[in-house]
Amino acid sequence: MSCAIIVHGSTGSGKTRACLELVKRALAKGIPVGGILSVRVCQNEELIGYDGLDLESGNFFPLARLRTMVEGPNWFLFGSLIYAFSIPGFEHANSILTRSAETLSQSSIIFVDEFGRLERAGLGMYPGALTIAEKLRTGGVAVFACRTDIVDAVEALTGGKAQAISKFEPSELDALWRTVLRCIDHAD
């Protein structure tokens, strides 16, 4: 069975934390994981941006920084968002997601965190997320983290590709985990 699982909530609601816990549980059961998580980067306890975490290699790379912190041709702005976005970072993220799509199977989980405003506009990690969604036609589990106001865009991306689409808030971690296990036919 192929499943798209949407972990949604507001900024700071714990979407990435929930995904990290899913990764931990999956690895403890020997379930292969791949994809990207977007982790907060803080300086003096202030949020200054996000780094991508390649779940296969464990390597971090810059995705976004406050507009006021960066400049130059390797960064782009999007609307009135407070962040500038790394062109090389998103190229790398898309290559990771494309590589992860090649390994997506009935017994693996791929993470796309975060499917946000950029992706809704066809930018950022959208190409990689689309590749993952298309690959769901052959099985596996893809977990998409997004803000609640972006859920419809993720449903549109995965609709007609995944056999099942489930939505959870980060606080519903145990129910989310049970759904993952059902999708990949593992017992609790």
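Quick note: the coordinates plus some simple rules give every number you see, no bench work behind them. Because the structure is a prediction, the values reported are computed rather than measured. Note: ideal-geometry Cβ built from the backbone for every residue, glycine included; neighbour counts use all protein chains shown.
Worth pointing out:
- Within the same chain, lysines fewer than 8 places from Lys24 are excluded, and of the rest, those with a Cα less than 23 Å from its Cα are Lys15, Lys167.
- With the convex hull of the Cα atoms taken as the outline of the chain, the averaged projected area works out to 10.0 nm².
- Listed as lacking a disulfide-compatible partner in the chain: Cys19, Cys42, Cys146, by the criterion of no other cysteine Cβ under 4.7 Å.
- Altogether, the Stokes-Einstein calculation at 37 °C and 0.692 mPa s, with the Kirkwood radius of region 1-105 over Cα pairs as Rh, returns a diffusion coefficient of 216 µm²/s.
- The label point for Asn44 and the one for Phe76, both projected 7 Å from the Cα toward the Cβ, are 3.2 nm apart.
- Which of Thr11, Thr131, Thr98 has the fewest Cβ neighbours within 10 Å, and the rest in rising order: Thr11, Thr98, Thr131
- Compactness relative to 2.2 N^0.38 Å, alpha carbon Rg of region 81-121: 1.37
- Within the chain, the selection of entire DSSP H helices by a Cα span of 18 Å or greater along the long axis and an average Kyte-Doolittle value of at least 0.0 returns 15-28.
- Loop-located chymotrypsin sites (Phe, Trp or Tyr not before Pro) across region 34-106 with a Cβ neighbour count of 11 or fewer within 10 Å are lacking, with loop assigned by DSSP.
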